[in-house]
Amino acid sequence: MSNFPQRVFSGVQPTGNLHLGNYLGAITKFVDLQQTHDCVFCVVDLHAITVPQDPKALKSSIREVTAAFIAAGIDPVKHIVFNQSQVSAHAELAWVLNCVARIGWMNRMTQFKEKAGKDREAASVGLYAYPVLMAADILVYKATHVPVGEDQKQHLELARDVAQKFNLDYSESIAALGLGETFFPQPEPLIQGPATRVMSLRDGAKKMSKSDPSDNSRINLSDDADTIASKIRKAKTDPEPLPSETAGLAGRPEADNLVGIFAALQGSTKAGVLADFGNANFSTFKTALVDLAVASLGPVTAGMKRLVADPAHIDAILCDGAERADAIARKTMNEVKDILGFVRAKSA
Ligand code: TRP
């Protein structure tokens, strides 16, 4: 089963402003994974059109996410960075996998229910099929490891189910073509470290989100140092000083969140942060957090600004990444066509 070479795939949607949650929950994890894995990082623009969108904003968002990847330290030469719509195999494989996934499976997807809201009949078919496209993203590279947040775990389980059913449904054809015992791997989630889930600065029970009406609830990657400082100073806390052990964070969501953010920015753990700040009051802790946040985010936000100012350069990076991604995805897609029994054009 595990004779697949290790490969990481992950995607970030180009929808609106990037914030600290995207940075700590996803992008910095990607940066670390480059040391140990071959990585494919995708700006998932096909996913972005499952809800109403503005074409101008989409284009600048695609470039903004790419700039964030690179400013944060993702190497687009050693690894692959591209936008999904440039590699047509994603949409092609998604169609095939739509015919593998069952309606019953899709009806259990909690994110669809949340996003579609009350008027489910008015949601796009794309929003419903979104998890299958995500499965295609991963499987078209035969990726073995997928860094995702908690909220994407169910989608990753669906990807595993789809892979397994495809392997099973077509096992004879796969064997006859000599494509191995299992064609698609079972992709594993990678969810680790502090601040995988960054919460709102105004309410420790809610995820930090670009759609929160209060801008003070989040730190945007476009915020300057003064704005970052003011948002941290205004962040909700409770009246107690910090505990000296992590057990003391239970039932204190705001304290837990700020300590988690500190740990993630510092590359340490919550326990380590509390060893330094146990019994400190929030004003002392927040002063240290402001300094740390400004020092660690400053170079990233400055790098993003520089990159975004040169869209031709970003587009060239995306085109190069797409060519290399396409070479891998095309091979899988040709194999899939053979497995299914399609007659196909001679591949290059
Ligand atoms: N659905 C993911 C999110 O909203 C983004 C995504 C799309 C993704 N395709 C993916 C993540 C493949 C991991 C792997 O966060």
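The values are calculated or read from the model by the stated rules, or taken from the named source; none is laboratory data. What you see is a predicted model; the values in this text were computed from it and never measured. As a convention, Cβ positions derive from the backbone with ideal geometry for all residues, glycine included, and neighbour counts pool all protein chains shown.
Computed values, structure above
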quantity	calculated
Enumerated helices (runs of 4 or more DSSP H) restricted to the range 42-154, each holding at least 1 residues that are out of contact with any Lys or Arg (no Cβ under 6 Å at 6 or more places or on another chain), within 13 Å of the ligand (Cβ to nearest atom) and under 18 Å from residue 11 (Cβ atoms)	45-48, 55-72, 89-98, 110-116, 125-139
Residues located in the range 237-276, provided they are free of Cβ contacts under 8 Å to residues at least 12 places away in the same chain and in a helix (DSSP H, G or I)	247, 272, 276
Failed condition for residue 158, given (1) surrounded by fewer than 19 Cβ atoms within 10 Å (Cβ to Cβ); (2) closer than 11 Å to residue 187 by Cα	(1)
Top-ranked residue in the range 15-41 [being within 10 Å of the ligand (Cβ to nearest atom) and at pLDDT 95 or above; ranked as farthest from the chain's Cα centre (by Cα)]	40
Subset tally (residues that are at pLDDT 95 or above, assigned to a loop (DSSP other than H, G, I, E, B) and more than 30 Å from residue 298 (Cβ to Cβ)) for the range 1-14	1
